């Protein structure tokens, strides 16, 4: 009987040690997986911001349509001023300005068009994936929106927002730890996920990870 009790105690000790180990390992593994997914998602949000800023440069405002933004990146172009030559000391001494030098053909300033895709990302960039949250466990799009807000000083400012909730980014990870993370964000009045830009304030198109 004494031997049986000793065996039972040994087994219980092993089980207890395993449970303690798992309780410590669980949040560590969660953080590692979360950080990897956050890193990939942040990179995609930066690409979205880059595309939106180029779109606004051409169209004067942002777009809340993925079809419009993706088509812009794939098929549109950006203006680029080509500059050949510059004012020399002798031109300046003669009273010339740049406009006069251009008229006389001494310097050249003209505008050419360059591909948005090639300029921003490179020709091999998978444009259609721009809208997708880069998580292998799910197929989901970022929420995209754009509007014009009026600041306290009465200035109208175009803004956009792209975001993904933690429930999407961290899908299939430890459910309770995701819930705890979301609750912590809400307690601190922060969005429980990752986003860039804002539809509520002019935040200079910042990401909430910055």
Go through 181, 194 for me and flag whichever is surrounded by 13 or more Cβ atoms within 10 Å (Cβ to Cβ), at pLDDT 90 or above, in the same structural domain as residue 53 (by TED's automatic domain parsing) and assigned to a strand (DSSP E or B).
194
Would you say residue 112 is out of contact with any helix residue (DSSP H, G or I) (no Cβ under 8 Å at 6 or more places or on another chain) and modelled with pLDDT of 95 or more?
no
Criterion first (loosely packed, with under 14 Cβ neighbours inside 10 Å and either under 28 Å from the mean Cα position of the chain (by Cα) or assigned to a strand (DSSP E or B) (or both)) does residue 159 satisfy it?
no
Can you go through 138, 119 and tell me which one is surrounded by 11 or more Cβ atoms within 10 Å (Cβ to Cβ), at pLDDT below 95 and under 15 Å from residue 44 (Cβ atoms)?
138
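Quick grid of which residues meet (1) in contact (Cβ under 8 Å) with a residue 60 or more places away in the chain; (2) more than 16 Å from residue 70 (Cα to Cα):
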position	(1), (2)
133	yes, no
138	no, yes
144	yes, no
148	yes, yes
153	no, yes
159	yes, yes
162	yes, no
167	no, yes
In segment 58-101, how many are under 28 Å from residue 144 (Cα atoms), assigned to a helix (DSSP H, G or I) and touching a helix residue (DSSP H, G or I) at 6+ places or on another chain (Cβ under 7 Å)?
6
Out of everything in segment 162-178 that is farther than 19 Å from residue 131 by Cβ and assigned to a helix (DSSP H, G or I), what residue ends up being farthest from the chain's Cα centre (by Cα)?
176
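The values are calculated or read from the model by the stated rules, or taken from the named source; none is laboratory data. Bear in mind the structure is a predicted one, so any value in this text is a computation, not a measurement. In this analysis, Cβ positions are derived from the backbone assuming ideal geometry, glycine residues included, and neighbour counts consider all displayed protein chains.
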